[in-house]
Structures are given as C-alpha cells and as structure tokens.
Amino acid sequence: MCDIMGSIKKIPTIKLHDRKKLRLPLPGLLYFITLNVYLELVFRGYHFTLWSVNTLRALFYAVLLSLVPGFITSLLPELSARITATLFTLLTTAYFLACFLYHSVFKNHLSLMGTVKYANQAADNSDTVWQNVIRHPVMVLLILLPSGGLIFVLWRYLALEREKLICSVAMLVALLVLYPASILFMGLVSKSHFSAYNVYKTLPSIDIAVEKLGVMQALTADIRLALFSSGSSELRFADTAETTAVPVTEAATTEKPATTEATSQTTTEKQIDTSPQVMDIDFNRIAEAGGSVASLCDYFKSLTPTNKNEYTGMFKGMNVIWITAEGFSGYLFETDRFPTLKMMAENGFKFTNYYQPLWYGSTLGGEYANLLGSPTRNGGYLSMYQASFNKAGMYFSLANNLNKQGYHSYGFHNNEYDYYDRNISHPILGYEWIANGSGLDPQMSEYGNVLWPQSDQVMIEDTFDKYTAKQPFHLYYLTVSGHVNYNFGGNAMAARHKAEVDNLNYDETTKAYIACQTELELAVEEIITRLKKKGLYENTVIVLAGDHVPYNDMNVLDSLAGRKLDTKFECYKSSLIIFSGAMEKPVRVDKVCSSIDILPTMLNLMGIEYDSRLIIGQDILSDSPGFVIYPDMSFMTDDFCYSAASGNTCDKKGNSKDVNETAFSYWNNYAANKMIAANGIIDYDFYSYISGEN
C-alpha cells in the first residue's frame with residue numbers, strides 16, 4: 001500500500017500552462033470568427049436560403065464584427081482573455097437562441113431594443129418558450145452544443161496570450177476602416193428603399209434587417225436606432241407617380257341594399273357628399289420646421305385622399321363597443337360553435353378579404369394597429385409605448401375624438417392594468433382605464449389562485465351595466481380568454497369548456513383553442529343580451545377584431561380550415577366585425593383590407609372629421625383600391641401578393657402569379673412610403689404639428 005501511494009506521489013502534476021497549446025496567429029480573432037460565422041450559418045440555414053447575396057453579406061459582418069471582441073481580448077492577460085471570451089461566447093449563443101425561440105413563438109424576428117423594457121413580462125410566457133424548446137430540439141442543440149465545444153477548446157487547448165500592440169492596433173484600424181467602408185459601399189450600390197443600405201440606415205423592419213444583414217448586423221442597426229432614433233437624417237420617400245397600372249376597386253357592394261336610416265335613401269332622394277376626407281391643414285407652415293417634418297409634409301400633400309361616401313356618418317351619435325379579441329381568427333367560423341359572432345360578421349359589414357398581420361409587440365402591436373390605424377415599427381421600440389410619450393401620439397384615436405363630442409369612454413382588460421404600461425398609454429388614447437388591480441378584481445379559482453386566463457364573460461358581467469348608465473358611451477374591451485397556451489392543463493378557459501369540445505373531430509390543441517375562444521362568444525352574447533334588455537341594441541355599433549393570429553400554434557388554423565394554408569398570406573385571413581342592430585341588411589365588402597384600416601373606417605362611419613392622408617390605413621368603404629402591408633414589407637393588393645422574403649409575387653393562396661412590372665413598381669414604392677411615414681409620424685411626433693401642440 002505504501003509503495004502504491006509512493007508511486008502516485010511521483011506522478012508529475014499537469015498544469016494548464018504545461019499542456020500543448022494551439023498557437024495560431026490572432027487566436028482570439030479566429031475563435032470569435034468561428035463562433036459568429038457558425039451561429040449565423042445555422043440561423044440562416046433554418047430561416048432563409050443559404051445561397052444568396054444576403055448570406056454573403058451576413059457572413060461578412062459576422063467576420064467583421066468579430067474584430068470587436070478580438071481587439072478587446074488581445075489587450076488582456078491570458079486568464080482575463082479566457083474569461084472575457086467565455087462570457088462573449090455565452091452571451092452570443094444566448095442571443096442567437098433567444099432570436100430563434102422568439103421567432104418560433106411570435107413569427108417575428110427579435111428586436112432586442114424593442115423588447116428589453118418588457119423582459120420581465122417575457123417570463124410570463126416561459127411555458128410557451130419551453131414548449132418551443134421541446135418542439136425544436138435539433139435547432140436548440142445545434143446552437144448550444146458547438147458553443148460548449150468551443151469553450152472547452154478555449155480553456156484546454158487554445159493559447160490566448162496577450163497580443164503584440166501592433167496586432168491589436170491593426171484589428172482596431174481594420175474595424176474603423178472596413179466597417180464604415182462597407183456601409184458606404186452598400187450605399188453606393190443601393191437601388192431600392194429596401195436595399196441593405198437603407199434597411200441598415202432606417203431599420204424599417206427587423207425582419208427584413210435580419211434577412212438582408214444577418215442577426216449580428218441587424219442587432220447593431222437595432223441598437224443604433226434606439227440610441228439615435230429621432231432623425232439623424234432626413235426621410236426620403238419613393239416616387240409613386242400615378243400610373244395607369246394602378247387598379248381602381250369598387251369599395252363595397254351590398255348583398256341586398258342596406259336599409260339603415262343613413263343608407264336607405266337613393267342618390268335621387270339625398271345627395272351623397274363625396275368630397276375629399278381632409279382637414280384644413282397648413283402644410284407649408286408646418287414644413288418650416290425643416291428636416292424630416294418637411295419631408296413628411298411633402299409626402300402627405302402628395303397623397304390623394306379618400307372621399308366621403310354613402311356610409312359617412314352612418315353611425316353618428318351611436319354608442320360604440322370596440323373589442324380587441326385575444327388570439328381570435330375568422331377560421332373559427334368554420335365550426336358551428338360561434339353563432340353570435342358569426343351572425344354579426346354575416347349581417348353587418350361583411351368583409352370577405354380582411355387580414356390580421358402579426359404586428360411586432362404581440363397584443364400591444366395588434367392594439368396599436370387596430371386603435372391607431374398604423375403599422376407598428378418592427379424593431380427599435382414598441383410603437384404604443386413610444387407614441388404615449390409624444391405630445392399628440394394618439395391624436396386620431398376614436399376615444400379622443402368621441403370624447404370631444406361628449407362621449408363617456410372606458411377601457412377594460414381582464415389582466416394586470418399596467419401590463420405593457422397600458423396604465424400610461426390607454427388613458428392617453430382617451431379611456432378611463434379599468435383593469436385587474438385598478439377597478440377590477442382578479443377572478444379566483446376555487447382553490448384561491450388567480451385564474452389564467454381570466455373569463456371574458458365575467459368581465460362583461462362585472463362592467464357592462466355600470467358603465468353604460470351614461471350615454472353616449474364608448475366601451476373598449478381587451479379580452480384575454482383566448483390567450484396561449486392552448487391545452488386543457490394550463491388554460492383555465494379551455495378547461496372550463498372541455499366537455500363541449502370533446503367530441504369534435506380535431507386534435508387536442510385545436511379543441512383547446514376552440515374551447516377557450518368559447519368565452520369570447522359568451523362575452524359577446526352577454527353584450528347583445530344586455531343591449532337588448534336596456535333598449536340600446538339598435539343604437540350601438542359593435543367593432544371586433546383580433547389582436548393577432550394564434551401565433552404559437554398556427555397549425556390550429558390548418559385544422560379549422562380543413563386544409564394546409566399558405567403560411568405567408570392565407571393564414572392571416574380573418575374576420576372584422578362592424579355591426580349594429582340598426583342594420584337590416586348586410587353590406588358586402590370584397591376589397592383587401594387589414595387591421596390598420598379599422599380606425600379610419602370607424603371615423604368615417606361615426607362622421608368624425610379627420611384627414612385621410614395622415615392615417616396610414618384607409619377607409620375600407622371608400623372607393624380607393626385595397627392594400628395590406630405586413631411587418632416584413634410584404635404586401636397584398638386586390639390583384640396580387642408580394643413576399644419580401646422570397647421576392648416572388650403570387651395570389652392570395654400563395655400560387656405564383658406574374659405581375660405587370662409597372663404595377664409592381666408602383667405598389668412596392670407605395671408600401672415603402674407607407675412604412676416610412678408610419679415610423680416618421682412617431683419618430684418626429686408629427687401629429688403634434690397637426691394638433692398645434694408643436
């Protein structure tokens with residue numbers, strides 16, 4: 001035994017510095033290049049085609065940006081350099097994993113600066129995140145495991161000694177020269193508003209930035225926008241001179257002539273006012289502010305306004321109930337389980353080509369589009385939050401305009417009152433904000449726990465009679481019963497209605513989705529019943545639209561439709577409800593439209609003065625052609641669809657379709673200008689110049 005112990009003591013101790021190291025030129029830089037290029041390739045291989053100029057550009061920036069940690073570690077002693085390199089590896093890997101998981105849930109790419117403020121609320125979706133980790137184990141492992149291997153190599157084999165000063169200086173000079181040179185080169189070859197250069201410069205969409213620039217360079221653009229968002233350069237709009245290729249679409253056709261008081265008379269009995277829907281605005285005076293404000297003035301002046309029409313003022317003076325329905329999709333009507341909602345969709349204004357794009361910021365983005373008639377900025381910040389701190393960011397909201405006419409406007413939400421800072425934004429929208437923790441008590445289970453999600457029907461029961469005592473009223477309901485996840489174990493509303501869907505011929509996820517949306521049906525049924533009881537049914541207009549599709553379980557839409565839907569356009573088709581008990585006949589509207597068109601349509605129906613040039617969406621009932629824009633700059637017209645990711649044109653079901661080049665150019669520029677103007681309105685608080693507050 002003593003001999004054995006003695007032998008062990010004679011074995012030499014192997015120290016870290018005694019191991020044979022890989023002594024490579026600029027080892028830190030090569031290490032970071034390997035890491036960044038690998039992660040970029042894995043991410044792009046999953047989301048995009050690898051064989052493209054965009055991939056080469058993304059890899060170039062993956063290499064170029066590796067100079068940053070390469071330079072830093074080159075100045076440090078070996079141990080500090082290893083620790084720094086390890087931290088960088090962990091942070092970079094975590095960011096790529098976060099980007100992948102965020103997209104797998106929300107179908108948008110991650111804007112770090114747009115979501116960092118609400119990182120604590122992302123924890124509320126932890127179950128959804130873990131669900132997607134389980135759904136995509138290969139991708140998760142591809143992102144995580146090699147990074148672990150690189151850290152092992154870093155500590156065991158790679159020599160990471162302090163570099164000679166000339167090497168460190170060379171890396172710094174290379175970064176300071178090549179990075180701005182690359183931006184300049186992109187600018188020189190820029191040919192469109194969504195060229196790589198313009199995407200980097202203005203970040204119109206984080207989705208298109210990730211596609212054209214790569215994850216790492218898109219992150220730099222995201223950070224730069226957040227730090228220097230208020231207009232370091234003048235906005236530039238594309239040329240959209242009128243061409244004969246632009247189609248003219250008849251806005252609305254009635255299945256049977258509408259016979260409400262406002263529309264029953266023919267043009268021979270009552271002259272219809274078809275004058276332009278504009279306000280008396282001195283754009284020349286406003287343009288004196290210069291810069292991008294002047295550019296916005298020039299753009300808005302150049303637009304052709306929509307005209308008033310036979311539906312202008314149709315609901316003037318009526319009470320208004322507006323519902324943003326969590327996770328709602330019109331494909332639910334393929335079942336026979338939503339008779340009240342379907343009745344309103346079929347017997348009010350019947351929008352046959354309504355689409356609900358998935359705006360950045362999930363429900364908050366959907367609310368912004370619905371309530372303010374504008375697409376959200378897709379990266380950099382959350383538009384609702386940013387607009388809340390402008391002097392007149394909510395100038396055209398329905399509540400603010402109805403309040404001027406003596407309406408009593410209340411907003412309700414059966415979730416926390418300050419979630420996404422709605423306690424700040426929604427009073428500025430014009431509502432007395434009433435939600436859980438501020439006017440509403442959270443609903444509890446029989447075991448004393450807060451129910452998740454809460455019941456929409458109970459919210460109506462708790463609020464409706466009390467807040468309709470004074471007229472005219474405008475109630476806004478933001479529901480929550482239809483929230484992810486769609487299962488019977490963690491979704492209280494799905495569990496509540498499980499027995500009602502057990503025998504349906506769908507998978508479990510789809511059954512759970514139908515079950516929790518049953519609460520919305522019951523809530524609307526409750527509204528109709530109480531309106532009739534109070535004698536208000538024919539003096540109230542109800543508006544209902546989803547905030548977004550069921551993004552984390554898009555397969556439920558295929559199940560409901562009974563076929564595989566096109567994932568770019570068809571899956572976002574939904575239903576918009578604008579209904580009043582005073583409408584005796586439906587009004588069919590076939591033009592394409594989307595959530596940003598709801599506000600201007602309602603302003604027109606309520607007879608409220610507004611300027612149609614200043615709201616990005618348009619009155620659906622006007623004679624202007626239909627248009628739908630998506631967060632990644634894809635778009636849809638009445639004649640064709642364009643996918644920005646593929647660069648292809650197609651029909652509404654995703655089938656390839658050839659398009660006249662002149663028409664395509666017009667609409668492509670039209671889409672660019674819409675998004676530039678939408679972002680400019682917020683960035684430069686443009687409505688404050690209209691309201692006189694600036």
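The values are calculated or read from the model by the stated rules, or taken from the named source; none is laboratory data. Since the model is a prediction, treat every value here as computed from it, not as a measurement. Note that we place each Cβ from the backbone using ideal geometry, even for glycine, and neighbour counts take in every protein chain shown. Quick note on the areas: whole protein, heavy atoms, side chains included, nothing else; ligands and nucleic acids left out. Shrake-Rupley method; radii C 1.70, N 1.55, O 1.52, S 1.80 Å.
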(request) Using the structure shown, decide if residue 220 is assigned to a helix (DSSP H, G or I), modelled with pLDDT of 90 or more, open to solvent by less than 50 Å² (accessible area, probe 1.4 Å) and β-branched (Val, Ile, Thr). (result) yes
(message) Of the residues 85, 81, 123, 98, only one is in a helix (DSSP H, G or I), modelled with pLDDT of 90 or more and open to solvent by 20 Å² or more (accessible area, probe 1.4 Å); which?
(response) 98
(message) I'd like to check something: does the range 417-425 contain any residue that is out of contact with any strand residue (DSSP E or B) (no Cβ under 8 Å at 6 or more places or on another chain), modelled with pLDDT of 95 or more and hydrophobic (A, V, I, L, M, F, W, C)?
(response) yes
(request) Report, by residue number, each residue of the range 667-677 that is within 21 Å of residue 641 (Cα to Cα) and not hydroxyl-bearing (Ser, Thr, Tyr). (result) 667, 668, 669, 671, 672, 673, 674, 675, 676
(request) Please find, within the range 442-467, the residue that is farthest from the chain's Cα centre (by Cα) out of those that are open to solvent by 60 Å² or more (accessible area, probe 1.4 Å) and in contact (Cβ under 8 Å) with a residue 12 or more places away in the chain. (result) 465
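Table: residues versus (1) among the basic types (Lys, Arg); (2) over 18 Å from residue 324 (Cα atoms); (3) not in a strand (DSSP E or B).
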site: 415; (1), (2), (3): no, no, no
site: 422; (1), (2), (3): yes, no, yes
site: 453; (1), (2), (3): no, no, yes
site: 458; (1), (2), (3): no, no, yes
site: 463; (1), (2), (3): no, no, yes
site: 476; (1), (2), (3): no, no, no
site: 482; (1), (2), (3): no, no, yes
(request) Would you be able to say whether some residue in the range 566-576 is outside any loop (DSSP other than H, G, I, E, B), of a type in the set (A, V, I, L, M) and either open to solvent by 10 Å² or more (accessible area, probe 1.4 Å) or touching a Ser or Thr at 6+ places or on another chain (Cβ under 9 Å) (or both)? (result) no
(request) Go through the range 153-187 and give me each residue that's of a type in the set (Gly, Ala, Ser), over 25 Å from residue 224 (Cβ atoms) and either open to solvent by 30 Å² or more (accessible area, probe 1.4 Å) or in contact with a Cys (Cβ under 7 Å, 6 or more places away or on another chain) (or both). (result) 170
(request) Please state which of the following conditions residue 519 fails to meet, knowing it meets all the rest: (1) touching a His at 6+ places or on another chain (Cβ under 8 Å); (2) surrounded by fewer than 17 Cβ atoms within 10 Å (Cβ to Cβ). (result) (2)
(request) Determine, yes or no, whether residue 611 is in a loop (DSSP other than H, G, I, E, B), at negative phi, open to solvent by less than 20 Å² (accessible area, probe 1.4 Å) and not aliphatic (A, V, I, L, M). (result) yes
(message) Could you tell me how many of the residues in the range 52-63 are open to solvent by 10 Å² or more (accessible area, probe 1.4 Å) and either of a type outside the set (D, E, K, R) or under 22 Å from residue 151 (Cβ atoms) (or both)?
(response) 7
(request) Go through the range 275-303 residue by residue and tally those that are in a loop (DSSP other than H, G, I, E, B) and at pLDDT 95 or above. (result) 8
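Can you go through 360, 355, 410 and tell me which one is out of contact with any Leu (no Cβ under 8 Å at 6 or more places or on another chain) and of a type in the set (Phe, Trp, Tyr)?
355
Name the one entry in 422, 337 that is open to solvent by less than 10 Å² (accessible area, probe 1.4 Å) and among the charged types (D, E, K, R). Break it down stepwise before answering.
On the way: 337 fails: open to solvent by less than 10 Å² (accessible area, probe 1.4 Å).
So the residue among 422, 337 that is open to solvent by less than 10 Å² (accessible area, probe 1.4 Å) and among the charged types (D, E, K, R) is 422.
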(request) Being assigned to a loop (DSSP other than H, G, I, E, B) and either touching a Gly at 6+ places or on another chain (Cβ under 6 Å) or among the aliphatic types (A, V, I, L, M) (or both) is the filter here, so list the residues in the range 484-521 that pass it. (result) 484, 504
(message) I'm checking my understanding of the structure. Among residues of the range 522-541 that are in contact (Cβ under 8 Å) with a residue 60 or more places away in the chain and open to solvent by less than 40 Å² (accessible area, probe 1.4 Å), which one is farthest from residue 324 (Cα to Cα)?
(response) 536
(message) Can you pull out every residue in the range 154-170 that is free of Cβ contacts under 8 Å to residues at least 24 places away in the same chain and either under 23 Å from residue 38 (Cβ atoms) or among the small types (Gly, Ala, Ser) (or both)?
(response) 170
(request) Restricting attention to the range 625-671, report how many residues are open to solvent by 40 Å² or more (accessible area, probe 1.4 Å), in contact (Cβ under 8 Å) with a residue 40 or more places away in the chain and among the acidic types (Asp, Glu). (result) 1
(request) Working only within the range 24-38, note down all residues that are touching a residue at least 60 places away in the same chain (Cβ under 8 Å) and touching a Leu at 6+ places or on another chain (Cβ under 9 Å). (result) 24, 27, 28, 29, 31, 34, 35, 36, 38
(request) Test residue 347 against the stated conditions and say whether it is more than 19 Å from residue 584 (Cα to Cα), surrounded by fewer than 23 Cβ atoms within 10 Å (Cβ to Cβ) and not basic (Lys, Arg). (result) no
(request) Kindly indicate whether residue 70 is touching a strand residue (DSSP E or B) at 6+ places or on another chain (Cβ under 6 Å) and open to solvent by less than 40 Å² (accessible area, probe 1.4 Å). (result) no
